[in-house]
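Trainee: Dropping the structure in here first, questions after.
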Amino acid sequence: MNKYIKLVVAGLILALGIYMMFFTRSLGWGIVVTLLTAIPVALFYKNEYILLAFWQLRKQNMEKASQWLTGIKNYKAQLHSSQYGYFHYLQGLTLAQEHPKKVEPLMRKALEYGLNMKQDRAMATLNLAATAIAAGRKQEGQKLLDEAKKLDSAGMMTDQIKMMKDQLKMPSMQKHMHNPNMRQRGKFF
């Protein structure tokens, strides 16, 4: 549903509430209906699909979270601009285990659009650091890990950050797996 339709629905509910209060003299029901105006207004700023995806993510159900996110066909038409970052952030989290190569552009977009909470920015930065380390970009990974550590004020990701820093200290296996006997072998041997 387009985000502006929610505001039209809120206006209609408000008009109905005012009509009930003043013209039909149902003061109690008019107040109740007028208070119901808050629901579409709240859903204008916080999309219902994103809220349901967060709920499924909290229950560790990535498949259902991904299903709720597929309900958003055109994120610029359906979401408020403050929700663009969270849309890409949630897509990145749902794809992190199955398709790790698709996570990096989504997390970059999420950070570009902006995430409100520090913990969410820290998680997005940590995912970017993981993809940088996996791709062999150690300096970029180190810089992103330091940034994630600054953003993690609650200390929820200290174990993951420490584990990734330990991975950075380990030598790259591709550089040290050379067999000295392989250099002497001929092309057709």
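Laboratory data are not the source of any read-out in this text; all were calculated from the coordinates shown. The structure presented is a predicted model; accordingly, all values stated were derived computationally and were not measured. Cβ placement follows ideal geometry from the backbone for every residue including glycine, while neighbour counts extend to all protein chains displayed.
Trainee: Can you say whether residue 8 is more than 17 Å from residue 124 (Cβ to Cβ) and either touching a residue at least 12 places away in the same chain (Cβ under 8 Å) or part of a helix (DSSP H, G or I) (or both), as far as the supplied structure shows?
Mentor: So residue 8 fits the description; yes.
Trainee: Taking only the range 99-112 into account, find how many residues are farther than 18 Å from residue 57 by Cα and under 11 Å from the mean Cα position of the chain (by Cα).
Mentor: Filtering the range 99-112 for residues farther than 18 Å from residue 57 by Cα gives 101-102, 104-105, 108-109, 111-112.
If we keep only those that are under 11 Å from the mean Cα position of the chain (by Cα) as well, we get 108-109, 111.
Residues flagged as farther than 18 Å from residue 57 by Cα and under 11 Å from the mean Cα position of the chain (by Cα) within the range 99-112 amount to 3.
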